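The values are calculated or read from the model by the stated rules, or taken from the named source; none is laboratory data. Computed from a predicted structure; not experimentally measured. With ideal geometry, Cβ positions are generated from the backbone for all residues, glycine too; neighbour counts draw on all protein chains shown.
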């Protein structure tokens with residue numbers, strides 16, 4: 001059993017165990033953290049497997065790989081900048097603007113690349129688009145979870 005779990009035996013219900021999971025106020029649940037990490041792994045791994053199996057040229061595969069990495073970094077950077085501003089941590093307007101610009105550029109490059117890709121089918125385009133969006137959203141969620149956990153632990 002982990003340190004955060006207290007097991008209470010309920011005398012009225014023989015053989016059944018109640019688990020009381022203690023977490024700090026403001027800390028995301030383990031299920032939410034697990035769901036976010038699972039979504040990132042599923043999205044990114046699916047995207048990368050799709051690239052590996054694609055019949056496109058290596059330079060085109062490199063383009064889509066770079067867009068995924070750029071998009072993930074831009075999404076996390078923007079989430080951090082937004083959160084810092086919300087918490088009163090100084091963020092320069094240049095960094096904040098560049099973070100927004102980078103995410104918009106990453107999404108635009110993905111959309112333009114998929115729109116102009118003649119070598120892949122419409123269903124593949126949808127697959128790459130959805131895996132990309134899933135990866136970005138889950139990366140933002142993971143960054144938020146990490147910040148929430150750190151904030152909750154620093155309060156206590």
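Things to note:
- Boolean, residue 44 is at pLDDT 95 or above and surrounded by 16 or more Cβ atoms within 10 Å (Cβ to Cβ): yes
- In this structure, residue 99 does not qualify as in contact with a helix residue (DSSP H, G or I) (Cβ under 8 Å, 6 or more places away or on another chain), on the phi < 0 side of the Ramachandran plot and outside any helix (DSSP H, G or I).
- Close pairs from the range 129-156: first in contact (Cβ under 8 Å) with a residue 12 or more places away in the chain, partner surrounded by 18 or more Cβ atoms within 10 Å (Cβ to Cβ) and not in a helix (DSSP H, G or I), Cβ under 7 Å, at least 6 apart: 145/28; 148/27; 148/28; 149/27; 149/28; 152/27
- Looking only at the range 52-67, and only at residues there that are part of a helix (DSSP H, G or I) and in contact (Cβ under 8 Å) with a residue 24 or more places away in the chain, the one that is nearest to residue 105 (Cα to Cα): 67
- Filtered by the rule that a residue be over 12 Å from residue 34 (Cα atoms), crowded, with 18+ Cβ neighbours inside 10 Å and within 8 Å of the chain's Cα centre (by Cα), the range 130-147 gives 135, 136, 139, 140, 143.
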